[in-house]
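Below is one structure, written out as structure tokens; the observations come after it.
The values are calculated or read from the model by the stated rules, or taken from the named source; none is laboratory data. Here the structure is a predicted model, which is why all the values come from computation and not from measurement. FYI the Cβ positions are ideal-geometry reconstructions off the backbone, even for glycines, and counts take in every protein chain you see. The accessibility values were calculated without ligands, DNA or RNA, using every heavy atom of the protein model including side chains. Shrake-Rupley method; radii C 1.70, N 1.55, O 1.52, S 1.80 Å.
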Amino acid sequence: MYELRGVTKRYWCGAGPVDALAGVDLVVGDGHRLVVQGPAGSGKSTLLRLLGGRGRPTSGSVELDGTDLAALPEARLAAVRAESIGYVCEDRDLSPALSVLENVGTALAPLGFGGAARRERAADALESVGLGAFATRLPRELRDGGMRRLAIARALVKRPKVLLADEPTGDLEGAVRDEIMELLEEVWKERGLTFVMVTHDSALVRDAPRLAVIRGGRVSVAENAERRERIGSIRANLR
Ligand SMILES: Nc1ncnc2c1ncn2[C@@H]1O[C@H](COP(=O)(O)OP(=O)(O)OP(=O)(O)O)[C@@H](O)[C@H]1O
């Protein structure tokens, strides 16, 4: 379970400070799915990175199962990332010279898996995303969303308790986009993961049971029933 309290994140760049997150309180229960939406530059990726223990807040706490990631020494934070948090982001995290199987296996190196155990786990993860037959290929040989499936396998191979995805369907279209979404949905349901996803995809936003909207570094969360009710009352007022 995630519990964020008073989280701020200030970046410093040439033009001065940028407050990417400005006091975020947020709870995401075990096994829950949260969709995060907001305009460009509103702080979505920053929020996801902090949930993933990639970087630290300027102030506030980011607790995962009662442990404040913001306060952990670097080595312990790296261990939490390696063991508990699967992160699906851009395909550029993949190594082009390694085979599909080896790419997945690299996520297990910090956990001390070697040789046969690593290959076996990686093969299982590939099978679970439909890439079992492509283990010896190079990532660039994959087609039709295959690279995204590979990124998902790499996030899942450690059997994390949390899955974080930043625009997982961002550059995909049509059937390929739908297949990747179905895969993520299946993975979430079958594995009981806590799943947080940043997306611009309007269909995903519309169907989300729980939606966090970020504007100017502030987050508001609405449950689906509540959202339907609000839309209903807006429509009623228009009649
Ligand atoms: N490393 C950084 N250094 C300086 N400013 C940054 C850095 N990362 C993000 N920012 C700034 O923080 C703000 C929030 O950025 P962030 O990437 O979290 O937003 P976003 O909602 O994910 O945007 P997008 O939808 O465009 O990806 C933006 O103004 C951005 O320019």
Quick check on SER95: is it among the hydroxyl-bearing types (Ser, Thr, Tyr), open to solvent by less than 60 Å² (accessible area, probe 1.4 Å), away from the ligand (no atom under 16 Å from the Cβ) and farther than 23 Å from LYS161 by Cβ? yes
May I ask you to list the residues in region 80-92 that are open to solvent by 50 Å² or more (accessible area, probe 1.4 Å) and part of a helix (DSSP H, G or I)? ARG81, GLU83, ARG92
Scanning region 111-156 residue by residue, the ones that are among the charged types (D, E, K, R), touching a Phe, Trp or Tyr at 6+ places or on another chain (Cβ under 9 Å) and in a loop (DSSP other than H, G, I, E, B) total 0
Kindly provide the set of residues from region 30-63 that are more than 15 Å from the ligand (Cβ to nearest atom), under 15 Å from the mean Cα position of the chain (by Cα) and over 18 Å from SER202 (Cα atoms), ordered by number. ASP30, GLY31, HIS32, GLY53
Which of the helices (runs of 4 or more DSSP H) contained wholly in region 173-239 include at least 1 residues that are of a type in the set (Lys, Arg) and modelled with pLDDT under 85? 202-207, 224-238
Only residues that are among the β-branched types (Val, Ile, Thr) and part of a loop (DSSP other than H, G, I, E, B): list them for region 15-71, please. THR58
Across region 108-143, which residue is surrounded by the most Cβ atoms within 10 Å (Cβ to Cβ) among those that are touching a Lys or Arg at 6+ places or on another chain (Cβ under 7 Å) and closer than 21 Å to TRP188 by Cβ? VAL129
Quick check on ALA71: is it within 23 Å of LEU211 (Cβ to Cβ) and either in contact with a strand residue (DSSP E or B) (Cβ under 7 Å, 6 or more places away or on another chain) or more than 9 Å from the ligand (Cβ to nearest atom) (or both)? no
For region 189-216, how many residues meet the condition of being open to solvent by less than 40 Å² (accessible area, probe 1.4 Å) and either among the aromatic types (Phe, Trp, Tyr) or within 16 Å of the ligand (Cβ to nearest atom) (or both)? 12
